[in-house]
Structures are given as structure tokens and as C-alpha cells.
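**Student:** Let me begin by handing over the structure; questions about it come next.
The values are calculated or read from the model by the stated rules, or taken from the named source; none is laboratory data. This is a predicted model, so every value here is computed, not measured. Cβ sites come from the backbone with ideal geometry, for glycine too, and all protein chains shown count toward neighbours. Calculation scope for accessible area: heavy atoms of the full protein, side chains included, ligands and nucleic acids excluded. Shrake-Rupley method; radii C 1.70, N 1.55, O 1.52, S 1.80 Å.
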Amino acid sequence: MEDKYKPIYFFNDTDEKNKKLFGEKGTRLIEMTRQGSRVPTGFIVTSAMCLLFYDNQEKLLQFLMGEIQAAIRKLEKISGKIFGDSENPLFLSVDSSPAVPIHGIIDNILHLGVNDSTVLGLIKRKYDQHTVWESYLRFVNSFSTIVLGISVDIFKEIKEDQQEIHHNLLNGKQDQYLLLIKKMKSLIKEQYNIDFPNDPYKQLELAISAIFKSWMRKTAVEYRLQYGITKEIADGTAIIVSEMVYDNIGKDN
């Protein structure tokens, strides 16, 4: 049997089925791993940690962040990559995993760990520059709206800049992408007084907090009430943290 207060399980750590603790997606990943299916390497932060998050006035417990950092180090050893490294960076996907699908909960945050340094690490390893920079742009856009709660309208004024940069990149002017991303971050600071997090661990901490907070978002609470999803069925959401594999974006020749 699982320990209710063990905060983290890698997909191959357990063979028990506990959908309430691991969530529907987490349970499926555990089962696929047991069957020998090819799945991304990763771990589950249990739904019990979501409940403790609320007991702690919507703050992540210090011991949980320590356990997550230890899990990342294990993930680094398995993958051969380093989270936040400028030469051989590890990137993460962070996904909610409630016991049953619930409308209103944050779904998926991709490319976590990308910043001005790590994006250059991918380019040094000869990944397609256009796709890499587009991934960075999408991350800044999605992280800002999903995690930081910033209106998507904030970036409308730089749409034309982005179209021009597509052309410049084809001419080898990748510095224009950095300038655009800096402009996006400056807009966030100017209009919301929020510093966009460049530190990968800060990105991860904010992403986990945002997913936990979405459990009590009005739309999620109303959805559970409407469909009779009681605490006995689903109580808090688990979170899946897994490696993002960039081999599918292609490499330059």
C-alpha cells in the first residue's frame, strides 16, 4: 500500500492502483510503465500534497520542494541532462492529474525550464532554430497567461514584431527573437509588476502552485458540484512532472 504522505512517486515506484492519490493520468502512466510501454521518464506529486497545500494557506511546503529537487536530480541522472543547464538542458512537462477529468483545472504546461541560456543550449546541439525559438515564445506566452494569470491581450501589440522576426530568423538573425522575448517580459513587468521567472526551479514552483490553486478555481468547484464529484471520488489533484523529449523537433544538418 502507498504511504499517503509520501509526496512523490516515480512511474516505476509502485504497482498499486490508487487513482485518487495519483490521478487518472498518473495511474495510466504507472500501468503503462509496468507493461513496458514507452513513456516519458517522470514522477507524480500526489493529490495529498494538494490538500496539504491548502492546509498551509496555499503555500507549497518546504519539505515538498526539497523532495521535488531530489526527484529532479534523479531525473537528471536517468536522462543524462541537467535542469537549467546551458549545454545539455533538461526540459519538463507539468500536467494536472485529478482522479476524474474536471473542467477548470489547469491542464498542461510545456517547455518548462526554457530561458535565454537553455534555449541556446538546444541550438548548440543543432536543433532546428526556428522550432526552438518558437517553443520559447510559446512558453513565455502560455506561462504568462496560465501560471501568472496575465491577460493574453498584453502581447497583441507585438504581433507585427513577431511576424518580422520570422523573416529575420531565416536570414540568421536569431538575436531578434531574444529582443522580442525581452520585450514580452518587459510588458509583463510594466503592466503587472511581475518579474517573469528565468530560474527553472522558480518556474516549476510557480507551475505546481498554479495547478494546485486551480483545484479550487470557481469553474472547477462548480463543475464538481454539477456532476456530483465528491471528495470520496476526487480530493485534490496530483501533478505529473516528466521529461520533454526534443528529438521530435528535428536537427539542423
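**Student:** Scan the stretch 25-40 residue by residue and report those that are under 20 Å from L92 (Cβ atoms), open to solvent by 60 Å² or more (accessible area, probe 1.4 Å) and assigned to a loop (DSSP other than H, G, I, E, B).
**Tutor:** The answer is R38, P40.
**Student:** Within the stretch 210-242, restricting attention to residues that are among the basic types (K, R) and crowded, with 17+ Cβ neighbours inside 10 Å, which residue is nearest to N56 (Cα to Cα)?
**Tutor:** K213
**Student:** Mind checking which pairs have a first residue in the stretch 211-234 that is touching a residue at least 24 places away in the same chain (Cβ under 8 Å) and a second that is open to solvent by 80 Å² or more (accessible area, probe 1.4 Å), Cβ under 6 Å, 6 or more apart or different chains?
**Tutor:** Sorted first by the residue in the stretch 211-234, then by its partner, the pairs are Y223/H103.
**Student:** In the stretch 85-98, which residues are under 21 Å from G26 (Cβ atoms) and surrounded by 21 or more Cβ atoms within 10 Å (Cβ to Cβ)?
**Tutor:** Scanning the stretch 85-98 gives L90, F91, L92, V94, D95, S96, S97, P98.
**Student:** A further question follows. I'd like the full set of residues that are touching a residue at least 12 places away in the same chain (Cβ under 8 Å), open to solvent by 80 Å² or more (accessible area, probe 1.4 Å) and not hydrophobic (A, V, I, L, M, F, W, C), limited to the stretch 67-84.
**Tutor:** Of everything in the stretch 67-84, those that are touching a residue at least 12 places away in the same chain (Cβ under 8 Å), open to solvent by 80 Å² or more (accessible area, probe 1.4 Å) and not hydrophobic (A, V, I, L, M, F, W, C) turn out to be E67, K74.
**Student:** Scan the stretch 83-101 and tell me whether some residue there is in a helix (DSSP H, G or I), over 19 Å from Y9 (Cα atoms) and aliphatic (A, V, I, L, M).
**Tutor:** Scanning the stretch 83-101, I find no residue that is in a helix (DSSP H, G or I), over 19 Å from Y9 (Cα atoms) and aliphatic (A, V, I, L, M), so the answer is no.
**Student:** Please determine whether any residue of the stretch 86-93 is at pLDDT 95 or above and on the phi > 0 side of the Ramachandran plot.
**Tutor:** There is no residue in the stretch 86-93 that is at pLDDT 95 or above and on the phi > 0 side of the Ramachandran plot.
**Student:** Just need a number here: residues in the stretch 193-209 that are in a loop (DSSP other than H, G, I, E, B), open to solvent by less than 60 Å² (accessible area, probe 1.4 Å) and within 15 Å of N115 (Cβ to Cβ).
**Tutor:** Qualifying residue count, the stretch 193-209: 2.
**Student:** Being of a type outside the set (F, W, Y), open to solvent by 60 Å² or more (accessible area, probe 1.4 Å), closer than 17 Å to L110 by Cβ and modelled with pLDDT under 90 is the requirement here; does V152 meet it?
**Tutor:** So V152 passes the test.
**Student:** A further question follows. Based on this model, can you work out whether G104 counts as in contact with a helix residue (DSSP H, G or I) (Cβ under 9 Å, 6 or more places away or on another chain), open to solvent by less than 30 Å² (accessible area, probe 1.4 Å) and either over 24 Å from K6 (Cβ atoms) or not in a strand (DSSP E or B) (or both)?
**Tutor:** Here the answer is yes, as G104 does meet what is asked.
**Student:** Let me ask another. Scan (1) open to solvent by less than 20 Å² (accessible area, probe 1.4 Å); (2) in contact with a Leu (Cβ under 8 Å, 6 or more places away or on another chain) for the single condition Y9 breaks and write down its number.
**Tutor:** The number of the failed condition is (2).
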